[in-house]
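Since the structure comes first, as structure tokens, the remarks are kept for the end.
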Amino acid sequence: MAERITREDALTREGFKHACHIMLYGDSSAKLFGKIPIKHIVLMQMRFDGLLGFPGGFVNPSKETLEAGLSRELHEEVGVAVLVGVDDHISSCLSQSPSSPRLITHFYIKKMSEPELKEIERAAVTTATDHGLEVMGMVRVPLYFLKNGGGLPYFLSHSFICNSRAQLLSALHHCRLLSQGELEKAVRQAEQMRHTHSDDPH
């Protein structure tokens, strides 16, 4: 588990890099196959290294605020200006990863309308400078459950960068997009899939 610290404490620490990422989400009235409610749109992205993560990147607090830096990164990755404020900040954590020992990760959540999210998806492909380079494409998180673990459990069985999987689960709970029981079920099924895949000789 990453050690949580306050945003203010994070900014007083010297010799640390700062990475800011955000979960953009909103409500949806759409239905999968015309019968399974989508309920919510949650955006993540497929990175250049094949890992799933949230939009964002490194920010230098000595040159810009965390939020201004995150807004700049968002413009590069999704192709539209998304204003991020201090009120959108959810957590700051000291990285526990041996590969990034002096890294502080800051996580934000911003709710948007369905048309705004669809515009971000369009712009991420048509105008974002990072599309096809640092970002392979935006993806929606399936928040429903299908037979044999389809939907969220299968999604969680994929590989995520750093602590973004934990950030996703925490954000889904924080925003009450899924119940604690549903999240625990998804995590349990995802772990079972991982074990099944690792045991498969093919």
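Go through region 127-173 and give me each residue that's part of a helix (DSSP H, G or I) and in contact with a Gly (Cβ under 7 Å, 6 or more places away or on another chain).
Residue satisfying the conditions is Ser164 alone.
With the requirement that a residue be farther than 18 Å from Met46 by Cβ and among the basic types (Lys, Arg), what does region 153-191 give you?
Arg176, Lys185, Arg188
Quick check on this structure: which one of Ala81, Ala10 is at pLDDT below 90 and surrounded by 15 or more Cβ atoms within 10 Å (Cβ to Cβ)?
So the residue among Ala81, Ala10 that is at pLDDT below 90 and surrounded by 15 or more Cβ atoms within 10 Å (Cβ to Cβ) is Ala10.
Within region 84-105, restricting attention to residues that are among the aliphatic types (A, V, I, L, M), open to solvent by 10 Å² or more (accessible area, probe 1.4 Å) and in a strand (DSSP E or B), which residue is modelled with the lowest pLDDT?
Among those that are among the aliphatic types (A, V, I, L, M), open to solvent by 10 Å² or more (accessible area, probe 1.4 Å) and in a strand (DSSP E or B), it is Leu94.
Taking the stated definitions as given, is Leu143 under 25 Å from Ala30 (Cα atoms), hydrophobic (A, V, I, L, M, F, W, C) and in contact with a Phe, Trp or Tyr (Cβ under 8 Å, 6 or more places away or on another chain)?
The answer is no for Leu143.
Out of (1) in contact with a Phe, Trp or Tyr (Cβ under 7 Å, 6 or more places away or on another chain); (2) under 24 Å from Leu32 (Cα atoms); (3) open to solvent by 20 Å² or more (accessible area, probe 1.4 Å), what's the single condition that is false for Leu152?
(3)
Is region 65-76 home to any residue that is at pLDDT below 90, open to solvent by 30 Å² or more (accessible area, probe 1.4 Å), hydrophobic (A, V, I, L, M, F, W, C) and not in a loop (DSSP other than H, G, I, E, B)?
no
Which of the following residues is among the aliphatic types (A, V, I, L, M) and either out of contact with any strand residue (DSSP E or B) (no Cβ under 9 Å at 6 or more places or on another chain) or within 22 Å of Asp9 (Cα to Cα) (or both): Ala81, Ala128?
Just a single option satisfies the conditions, and that option is Ala81.
In region 116-136, what residues are open to solvent by 90 Å² or more (accessible area, probe 1.4 Å) and under 20 Å from His40 (Cα atoms)?
Glu116, Arg122
The values are calculated or read from the model by the stated rules, or taken from the named source; none is laboratory data. Because the structure is predicted, anything quoted here is derived from the model rather than measured. Note that each Cβ is placed from the backbone with ideal geometry, even for glycine, and that neighbours are counted across all protein chains shown. With ligands, DNA and RNA removed, areas are computed over all heavy atoms of the protein, side chains included. Shrake-Rupley method; radii C 1.70, N 1.55, O 1.52, S 1.80 Å.
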